[in-house]
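Read-outs: derived from the displayed coordinates by stated rules, not from any lab. Because the structure is a prediction, the values reported are computed rather than measured. When we count neighbours, we look across all protein chains shown, and the Cβ atoms used for this are built from the backbone with ideal geometry, even at glycine.
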Amino acid sequence: MSMQQQRIEEYLRQVRSRLRGLREEEVVEIIAELRSHIVERATPAGDSTVDGVSAALGALGDPEDLAREYVKDEVLARVETSRSPLRLLDSLFGWATVSAAGFLVLMVTLSGYLLGAVFVLVALLKPFHPATAGLWVLRDSAADLELSVRLGFGTAPSSGHELFGWWIVPLGLLVGCGLIVLMTRLALWCVSIYRRARPLRGRL
Amino acid sequence: MEEGDKQSLGDKWEVQLRKGCLELAILAALWERRLYGLEILRLIESDSELIISEGTIYPLLARLKAIGFVESEWVESNSGHPRKYYALTAAGRHRALEMAAMWERFSSSMGRVLAPLKGIQQ
C-alpha cells in the first residue's frame, strides 16, 4: 500500500470509528462512497499525488465533523420516517446512543408507552378479573392519597376503592391508545424541533 | 454585543442560508439525469455561488435517500473504481417542483422588501 493510500485509509478509519448508531451496511456504504470520492478527486490524471490526496481530504473536512453530520442526519431521518411505535423506539435507541437529547426523548417516550400499555392491559384484563383489575385509589398510612393502577393479579387492596368500575374498559383502551399516539407524535415533534434548532457544524 | 459575536451571527445566517438552499440545488442538479457525488458537487460549484464544502453533500444525499427523494445505484466506471449514482424518485421530483415554487415566491417577496437597498454599495 502506498503512502497516499495509507493516508486515505487512515482518514476513512477515523470516520468509520465515529459512525456509531448506524447499521453496519450503512457504514460500509458510506465508507465505500467516500473512498470512491477521495480516489477520484485525488487522481485527476491517474496516480494519486501527495497534493491531490491532501486537497481531497482537506476539502472533505475533519473526519469527526463529517461523521457527526452522517450520524445525526441518518439517525434523525430514520426516527422521522418511523411511523409505528416499535420502529420509532428502535430508531430512538439509535439516536440515544449518539446524543443526550436523543436519550431524553427515548426515556420520555418509553415511559409514556409503558403507561399507555398498562392502561390497555387493565382494560383487557377487567373482564377476566372484575374484582381486582381497575384503577384504584389507595390511602396510605400517612392519609395522603396515592393513585395506583392495579393489574388483575392477587387480591383487591384492602384500604382503597376502585374508580370507574366497568368504565375502565373503554376508558383504559381510549387513554392507553391515546397515550401511545400522543407519545409517538411528541417524539416526532421533538426530532423535527431538534433538527431545525441544532447548531450547524462544518463550513459550507 | 461584541463585534465578534455580530460577525459570527452574520456567518451563521449565511451558513444556514446556503445549507437551506443546498437541498434544492441537489434535487435540481439531478433533474435531467443521474449523477454521482463529485459530479453533483462540480455542477453546483460551476453553476452557482453556492460554495459548498465537499463533506456537506454526502450526509445530505444520505438523508435525501432515507426520506425517499433520491435513490442510488453503484455503477462500475472506466477509471477502475465504482461510483454511487443518485437519481430523483417521483417523490423527489414532486419535492423539487414544490421547493422551486416556494423559492420563486420567497425570492420575489424578498426582492420587494429589499428594493430600498438596491444600488447602495457597502
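Listed values, structure above:
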item: For chain B, built as a Gaussian network whose Cα springs stay under 10 Å, the top-fluctuating residue of B:SER109, B:SER72, B:SER46; result: B:SER109
item: Summed side-chain charge close to B:LEU24 - residues other than B:LEU24 whose Cβ falls under 12 Å, Lys, Arg +1, Asp, Glu -1; result: 0
item: Dipole axis of chain B (+1 Lys, Arg; -1 Asp, Glu on Cβ), positive-most option in B:SER109, B:LEU41, B:PRO59; result: B:SER109
item: Within chain B, longest stretch clear of exposed trypsin sites (Lys or Arg not before Pro) (DSSP loop, no more than 13 other Cβ within 10 Å); result: B:34-117
item: Number of partner chain Cβ atoms within 10 Å, mean per residue of B:59-65; result: 6
item: Backbone HN-Hα couplings from phi across segment A:76-84 [Karplus 6.51/-1.76/1.60, Hz, Gly and Pro as x]; result: 5, 4, 5, 4, 5, 8, 6, 10, 7
item: Kirkwood Rh and Cα Rg combined as Rg over Rh, evaluated for segment B:50-122; result: 1.18
item: Simple Cβ-charge dipole of segment B:11-114, Lys/Arg +1 and Asp/Glu -1, about Cα centre, in debye nearest 20; result: 260
item: Phi-based couplings in Hz for segment A:168-181 (Karplus 6.51, -1.76, 1.60; Gly and Pro marked x); result: 4, 5, x, 5, x, 5, 5, 5, x, 5, x, 4, 5, 5
item: Other-chain or far-sequence residues with amide H under 5 Å of A:LEU163's (modelled H); result: A:LEU135, A:TRP136, A:VAL137
item: Overall form of chain B per C-alpha gyration tensor (a/c, 1.5; a/b vs b/c); result: prolate
item: log₁₀ of I(q)/I(0) at q = 0.18, 0.21, 0.26, 0.27 Å⁻¹ - segment A:1-60, Debye sum with one point per alpha carbon; result: -0.60, -0.78, -1.06, -1.12
item: Options A:LEU60, A:LEU12, A:THR81, ranked by Cα towards positive dipole end of segment A:1-91, top entry (Cβ charges); result: A:THR81
item: For segment B:15-94: relative contact order, % (alpha-carbon pairs under 8 angstrom, 6 or more apart); result: 32
item: GluC sites (Glu not before Pro), loop per DSSP, at most 12 other Cβ atoms within 10 Å - longest free stretch of chain B; result: B:77-122
